[in-house]
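Visitor: Have a look at the structure that comes next, please.
Just so you know, all these numbers are worked out from the coordinates, no wet-lab data involved. Everything numeric here is computed off the predicted structure, so don't read it as measured data. Positions of Cβ are generated from backbone atoms using ideal geometry, with glycine treated the same way; all protein chains shown enter the neighbour counts.
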Amino acid sequence: LNHLFHFVLFLLRLLILWSSGVYHFIKEKKSWNEAQRYCREKYTDLAKVFDMTDMSRLRNSAQNQGEAWIGLNNNTGGNRTWHWSLPGVEYIHNDSSWNLNGRYGTEPGPGNCGRKRDKLAEVSCNHTTWFICYDDKKTLNLIEEKKNWTQAQNYCRYHHTDLASGLDQVDGEEMKALFIGRTMSVWMGLFRDSWRWSDRSNSSFRYWDMQLFNDEQSNKKCAMTLLNRSGKWSSDECDKEKPFFCYDDKLILIKENKTWKEALDYCRESHRGLVSITNPYQQRWAEVRAKNASSPFVWLGLRYSCTLDLWFWVNDKLVCYEKWSREGKTEECGRAVGMMRGGQYEWVSQRDNETYNFVCFK
């Protein structure tokens, strides 16, 4: 029984790796740009990281205990972009959420972190104040301890899920309730930086080692993971030679418009099948492919069966993960699922004779 249990665990690990992307540790030392070229030729790209689960997988794929390049760089000319701390939440600017009349006189700024009083304002990340954490039970928690933004983020990620992120949380009714009877200034999960991933994906996850990382060091524009410091990140000059991590997402976007059935046949003949998505990690890897589509949607391998009166994946996987748009689920004959090519990458049922790009398993 013990052997069987470990064998099942092994198979589960293989399934997770195969379906949501694989990290490859390359011992050969190269500059960041040479490493990027190598990864794009042999795999998909230099490694990107969505969240702490990905960080654990990346660290477990290496036997090395030193420094290694990852696919994050600061070659943007200093153009800073706002992000939410919680992975997967896209920043969409809304003037009504911000204090546009300048900062409050007692607070430092301008800066690269977002705090909320009655509205959002940009202040120095080194300022110390209370903060609000979010957890997976969909609740907000006011923490009445003064910390700088990075300390607050670390606290929330350790004790809860993350700092409050997204306008649904920041401007929602639960947040308003926390402010009743209080005049306070609190950190939100909002920061801006000029770092971008090699594959141009919008992952906002950052894991800087703040004892070693200094964002003002303009000559250190490429990110590395420090495997002997819990995998936390710092930066170095891009021409330094180091080992590096590549990733292979096992997916390919076909930029041809086909009906759902034509897409299904194409993927089965030329690859391993039309993509199925059974967890949030597979969804994220598919989003990276979908954003480059030339059609408004991309076909997924999910179709409605009139006979069985249910949605099913073409590879017979159970529908245990869903990301429908608010009114996107139409249960009718001749319907299949298209993923939006942008925004929140939600699913919308489409007539299966529509023609869209599609994503195959390699």
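Visitor: For Asp209, Asp45, Asp239, Asp54, what's the fewest-to-most ordering of other Cβ within 10 Å of each Cβ? Provide the component values of the computation, followed by the final result.
Guide: Working: Asp209 14, Asp45 19, Asp239 10, Asp54 22.
Final ranking by Cβ density, sparse to dense: Asp239, Asp209, Asp45, Asp54.
Visitor: While we're looking at this one, here's another question. May I ask you to evaluate 6.51 cos²θ - 1.76 cosθ + 1.60, the Karplus curve with θ = phi - 60°, for each residue of region 342-352 and list the ³J(HN,Hα) values in order in whole Hz, giving x for glycine and proline?
Guide: x, x, 8, 6, 7, 9, 9, 6, 10, 5, 6
Visitor: Using C-alpha positions alone, give me the convex hull volume of region 300-362 per residue in cubic angstrom.
Guide: Values: hull volume 6.5 nm³, N = 63.
It is 104 Å³ per residue.
Visitor: Quick one: Kirkwood hydrodynamic radius for region 251-361, alpha-carbon pairs, angstrom, one decimal?
Guide: Details: mean 1/r = 0.0742 Å⁻¹.
Hydrodynamic radius (Kirkwood, Cα only) of region 251-361 equals 13.5 Å.
Visitor: Now a separate question. What's the exposure ranking of Leu226, Leu163, going from fewest to most Cβ atoms within 10 Å?
Guide: Neighbour counts put them in this order, fewest first: Leu226, Leu163.
Visitor: Shifting gears a bit: Would you list, by chain and number, the lysines whose Cα falls below 17 Å from the Cα of Lys220, excluding same-chain residues fewer than 8 positions away?
Guide: Lys220 reaches Lys30, Lys232, Lys240, Lys242.
Visitor: Kindly provide the GluC sites (Glu not before Pro) of region 140-201 that DSSP labels as loop, not H, G, I, E or B, and whose Cβ sees at most 14 other Cβ atoms within 10 Å.
Guide: Numbers: sites: Glu144, Glu145, Glu173, Glu174; in loops: none.
Sparse-neighbourhood loop GluC sites (Glu not before Pro): none present.
Visitor: Out of every Cα pair in region 68-165, what percent are spaced more than 18 Å from each other? Please report the intermediate quantities before stating the final value.
Guide: Values: 2548 of 4753 pairs.
Value for region 68-165: 54 percent of Cα pairs lie more than 18 Å apart.
Visitor: Tell me the net charge near Asn73. Cut-off is 9 Å between Cβ atoms, Asn73 excluded, with +1 for each Lys or Arg and -1 for each Asp or Glu. Could the numbers behind the result be given before it?
Guide: On the way: positive: Arg196, Lys221; negative: none.
That works out to +2.
Visitor: Nothing charged except the Cβ atoms of Lys and Arg (+1) and of Asp and Glu (-1): what's the magnitude of the dipole of the chain about its Cα centre? Round to the nearest 20 debye. Display every interim value, and only then the final one.
Guide: Values: 51 positive and 46 negative charges, 121 e Å.
My answer is approximately 580 debye.
Visitor: Students often forget the sequence filter, so: which aspartates and glutamates lie under 18 Å Cα-Cα from Lys329 once same-chain residues fewer than 8 apart are removed?
Guide: Partners within reach: Asp309, Glu346, Asp352, Glu354.
Visitor: Here is a follow-up. Select from region 257-322 those chymotrypsin sites (Phe, Trp or Tyr not before Pro) which occupy a DSSP coil region and have at most 14 other Cβ atoms within 10 Å, ordered by residue number. Don't jump to the answer; show the numbers that get you there.
Guide: Values: sites: Trp260, Tyr266, Tyr281, Trp285, Phe297, Trp299, Tyr304, Trp311, Phe312, Trp313, Tyr321; in loops: Tyr321.
Here the sparse-neighbourhood loop sites are Tyr321.
Visitor: For the chain, can you list the cysteines whose C-beta has no other cysteine C-beta under 4.7 Å from it?
Guide: Here Cys320 come out as lacking a disulfide-compatible partner, given the Cβ-Cβ threshold of under 4.7 Å.
Visitor: If the reach is capped at under 15 angstrom between alpha carbons, list the aspartates and glutamates near Lys146, excluding any in the same chain fewer than eight residues apart.
Guide: Output for Lys146: Glu107.
Visitor: Return the distance in nm (one decimal) between the two label points of a simple spin-label model at Arg80 and Thr307, each offset 7 Å from Cα along Cα→Cβ.
Guide: Modelled inter-label distance: 5.9 nm.
Visitor: Could you give the length gained on full extension between Glu331 and Asn141, defined as 0.36 nm per residue of separation minus the Cα-Cα distance, in nm? Could the numbers behind the result be given before it?
Guide: On the way: separation 190, 0.36 × 190 = 68.40 nm, distance 3.83 nm.
Working it through step by step, the gained length comes to 64.6 nm.
Visitor: How big is the convex hull of the Cα atoms of the chain, per residue, in Å³?
Guide: Details: hull volume 64.6 nm³, N = 362.
Hull volume over Cα atoms, normalised by residue count, gives 178 Å³.
Visitor: Please compute the contact order of region 251-361 in relative form: average sequence separation of alpha-carbon pairs under 8 Å and at least six residues apart, divided by the residue count, as a percent.
Guide: Details: 233 pairs, mean separation 46.4, N = 111.
Over region 251-361, the number comes to 42 percent.
Visitor: So how far, in whole Å, is the C-alpha centre of region 286-309 from the one of region 206-262?
Guide: 28 Å
Visitor: Let me ask another. Can you list residues whose amide H is under 5 Å from Trp208's amide H, if they're 5+ apart or on another chain and H is modeled 1.01 Å from N?
Guide: Sorted by chain and number, the residues that satisfy this are Trp233.
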